[in-house]
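Working notes for the structure below.
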Amino acid sequence: MTDPLDKSPADVPPGGGRDASPHKASSAPAGHIKAVPVRHYGRWISAVVVLGLLALLVRAFADAQIQWSVVGDQITNGTFARGAWETLKITVYSMVIGVVLGAILAVMRLSPNPVLSSVAWGYIWFFRGTPVLVQILLWFNLSLVFQYLDLGFIYRDEMNQVMTPFVAALLALGLNEAAYMAEICRAGIQSVDSGQTEAAHALGMKGGRTMRRIVLPQAMRVIIPPTGNEFINMLKTSSLAFAIGYGELFLRGREFGSRTLAIMEGYIVISLWYLALTTVFSIGQYYLERYYARGSSRSLPPTPLQRLRKQLSSFRVQSNVGGVKV
């Protein structure tokens, strides 16, 4: 007995009385589909062009009149190593002065006191508006203006004895860096929401403690990346101290070239030393940024090793694409 609502005869199978054709039966979704990767011919062509240009550059330097054996011998020479140490020393000391003084200047710029704010603005205006080399020469020739450094009963000596090449380079680089660090710190402080400060004041925290415990820890995420860039830039800017006879890396390389006439070889050794120093500190900067990024994102950015493993694994997957499970 058939259902009265069923309009089709009882002996007629579903499908209108026709058996399903083999073609329609085979059109059901299968368990696997074949994925065809998109061809990126432009990427391959650009990669080949770049590799070709690099090969031509390497061949040009290989055929040039450069004594590569001299480069290999001098890369570990004590003269260049001592120059690299002096470069690193003046860089670290200058950055300490720049960071500390820059943070103070940033707080002064944000102060409601018009005197403090104006003095900080004038400092930044002067040191950012004059070349670093000119500042180095001004400090080194300060004895033309002040013959003695007289601090009363504390210290008194001729300015020529006080303003050595190291002291002149340290003051010029450190005070110039403070102007840039002031703007970096000011941007980091202003990036923290004002509600954080208001909440701290509502809890009874004073201004100084609010700055140390609430504002600065959050501002470090913004301050650290440009500070790392400033440190790496300071490594190279310190080479300007050669103008006053400070024995940093660049001056040692110039003296080597003048003494042996291996000028290009000396410059190549200098470049390799600078590349080594900047590479080491760039790695340290990356992990420092990663440390301070913990509270700003759900997951930390991958390390270079993790990024390399991901790229290798994705390359294997693309090369072995034949069938992908749905």
- Task: Return the long-range amide H neighbours of Tyr148 (sequence gap of 5 or more, or a different chain), with a cut-off of under 5 Å between placed amide H atoms.
- Result: Met159
- Query: In whole Å, what is the distance between the alpha-carbon centres of region 65-97 and region 199-271?
  - Reply: 16 Å
- Mean accessible surface per residue for region 41-317, computed with a 1.4 Å probe while every protein chain stays in place, in Å²: 62 Å²
- Query: Quick one: Cα convex hull volume of region 166-255, Å³ per residue?
  - Reply: 92 Å³
- Item | Debye intensity ratio in log₁₀ form over the Cα atoms of region 215-313, taken at each q of 0.19, 0.20, 0.21 Å⁻¹ | -0.94, -0.99, -1.04
- Item | Positive minus negative residues near Phe256 (Lys, Arg vs Asp, Glu; Cβ under 15 Å) | -1
- Message: How large a share of the accessible area of region 41-317, in percent, is made up of carbon and sulfur atoms when the probe is 1.4 Å and the other protein chains stay in place?
- Response: 65 percent
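Taking N as the number of residues in region 23-174, what is its alpha-carbon radius of gyration divided by 2.2 N^0.38 Å?
Values: Rg = 30.6 Å, N = 152, 2.2 N^0.38 = 14.8 Å.
Ratio of Rg to 2.2 N^0.38 Å for region 23-174: 2.06.
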- Query: Hey, could you pull the Cα Rg and Dmax for region 148-194, both in Å?
  - Reply: 17.3, 51
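What do you get for Rg/Rh of region 41-317 when both radii come from the Cα atoms and Rh is the Kirkwood radius?
1.06
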- Whole-Å semi-axes of the ellipsoid equivalent to region 32-76 (Cα gyration tensor, √5λ, descending): 42, 14, 5
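The values are calculated or read from the model by the stated rules, or taken from the named source; none is laboratory data. Everything numeric here is computed off the predicted structure, so don't read it as measured data. Here Cβ is always computed from backbone atoms with ideal geometry, including for glycine, and neighbour counts include all displayed protein chains. For the accessible areas, the whole protein counts, side chains as well, though only heavy atoms, and no ligand, DNA or RNA atoms are used. Shrake-Rupley method; radii C 1.70, N 1.55, O 1.52, S 1.80 Å.
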